[in-house]
Amino acid sequence: MAPAADRMTAADLTRARALLGMSTGELAAEIGLTEPVVRAWEEGSLRIPREYAMQIVWRAAVAERQAALASSGLPECTWVARWMDAAPTQGGPAQRQHLEALRRHAAMCPHCTARARFVEQNFPPMPDPPVPQALRALRAMGTALQRLPQWLRAAVVGAIAVGLITVMRVAGMAVGSDGPSPLDALLLIAGSIVGGAYLGAVAGITYVIVRDPLRKIGRAGDYLAGILCVWAYLLASVIPMELLTGRPAFATPDDAAALALGGAVIGAIIGHFWFRRR
Ligand SMILES: [Zn+2]
């Protein structure tokens, strides 16, 4: 059985390499390293980095299943062989369509379902696919976000977005020399994260309140939901400003009308691209 990537030992690596049927030199070339590195891993004198362990574990798991399938006597699927030859060279929509075709085929093909059942019965689920660390962190964050209630999700996204914008602005201000002191810069970033969370939460709560009732009026409701969320967001940013500074937020009623109109346009755009049913 292929070892886990988390705690890949030298012996695990030797076993995985045997499953792959590769020499140390071939494996090194395959993962873009030099042979002495792979040999040091197998002698136990060098720790195997997780990134590489994941890659090797994944490949060994695939090879192990392929070998078992080959000796199982189950017929190969000629459709899949043709499908592999027709793989598009570029990513994007073509590749998505290609994968979708395989999924549709595999659900109905007796050969493919028999092979899938064989793998399921004889092997544990596949290990995590090897993806770059940054992508893994992003994906984990996305999954965590999906579990939050909708209004809280909006708060978190708002905090991250406004916090990031402030970090970029502070970074452009040359902290220390003639810009803000490091402490002021930190306070600015922390303040923007709190402010962003508050504004995001207001927009998110508005969404939760208005979305379902507005669904009943169809397409117009999608746009109206976007506009109401943006208006709530704008009001939530204007009112505390007025309370804190004691000055009216708008010099003239025209200013307020201009902001409301601008907000309505942005809200309609959000409604069109995010809320509209597909
Ligand atoms: Zn098939």
Do we have residue 94 as in a helix (DSSP H, G or I), open to solvent by less than 80 Å² (accessible area, probe 1.4 Å), touching a Leu at 6+ places or on another chain (Cβ under 9 Å) and hydrophobic (A, V, I, L, M, F, W, C) here? no
Restricting to the range 129-162, what's the tally of residues that are among the charged types (D, E, K, R) and at pLDDT below 80? 2
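Would you check which residues across the range 191-203 are under 14 Å from residue 160 (Cα atoms) and either open to solvent by less than 50 Å² (accessible area, probe 1.4 Å) or aromatic (Phe, Trp, Tyr) (or both) and list them? Quick ask: steps written out before the conclusion?
Within the range 191-203, the subset under 14 Å from residue 160 (Cα atoms) is 191-201.
Hits for the range 191-203 are 191, 192, 195, 196, 197, 198, 199, 200, 201.
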Which residue out of 67, 2, 87 is more than 16 Å from the ligand (Cβ to nearest atom), at pLDDT below 95 and not in a helix (DSSP H, G or I)? 2
Scope the range 122-160; condition open to solvent by 60 Å² or more (accessible area, probe 1.4 Å) and in a loop (DSSP other than H, G, I, E, B); matching residues: 124, 125, 126, 128, 132, 149
Of (1) in contact with a helix residue (DSSP H, G or I) (Cβ under 9 Å, 6 or more places away or on another chain); (2) closer than 26 Å to residue 20 by Cβ, residue 125 satisfies every one except (1)
Any idea which of 128, 184 is in contact (Cβ under 8 Å) with a residue 60 or more places away in the chain and away from the ligand (no atom under 16 Å from the Cβ)? 128
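Condition check: more than 12 Å from the ligand (Cβ to nearest atom), in the same structural domain as residue 27 (by TED's automatic domain parsing) and open to solvent by less than 70 Å² (accessible area, probe 1.4 Å). Does residue 81 satisfy that?
Spelling it out, it is not the case that residue 81 is more than 12 Å from the ligand (Cβ to nearest atom), in the same structural domain as residue 27 (by TED's automatic domain parsing) and open to solvent by less than 70 Å² (accessible area, probe 1.4 Å).
Yes/no matrix, rows are residues, columns are (1) surrounded by 14 or more Cβ atoms within 10 Å (Cβ to Cβ); (2) closer than 25 Å to residue 166 by Cα:
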| site | (1), (2) |
| --- | --- |
| 209 | yes, no |
| 222 | yes, no |
| 259 | yes, yes |
| 273 | no, no |
Which one of the conditions (1) closer than 21 Å to residue 122 by Cα; (2) within 33 Å of the chain's Cα centre (by Cα); (3) open to solvent by less than 50 Å² (accessible area, probe 1.4 Å) does residue 67 fail to meet, given that it meets all the rest? (3)
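So which residues in the range 98-112 are open to solvent by 50 Å² or more (accessible area, probe 1.4 Å) and within 13 Å of the ligand (Cβ to nearest atom), if there are any at all?
Residues of the range 98-112 open to solvent by 50 Å² or more (accessible area, probe 1.4 Å): 99-100, 103-104, 107-108, 110-111.
Hits for the range 98-112 are 103, 104, 107, 108, 110, 111.
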Is it fair to say residue 72 is within 16 Å of the ligand (Cβ to nearest atom), among the small types (Gly, Ala, Ser) and loosely packed, with under 14 Cβ neighbours inside 10 Å? yes
List the residue pairs whose Cβ atoms are under 6 Å apart, where the first residue sits in the range 238-265 and is modelled with pLDDT of 85 or more, the second is open to solvent by 70 Å² or more (accessible area, probe 1.4 Å) and in a helix (DSSP H, G or I), and the two are 6 or more positions apart or on different chains. 263/231
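The values are calculated or read from the model by the stated rules, or taken from the named source; none is laboratory data. Keep in mind it's a predicted model, so treat the numbers as computed, not measured. With ideal geometry, Cβ positions are generated from the backbone for all residues, glycine too; neighbour counts draw on all protein chains shown. These accessible areas exclude ligands, DNA and RNA; they are computed on the full protein's heavy atoms, side chains included. Shrake-Rupley method; radii C 1.70, N 1.55, O 1.52, S 1.80 Å.
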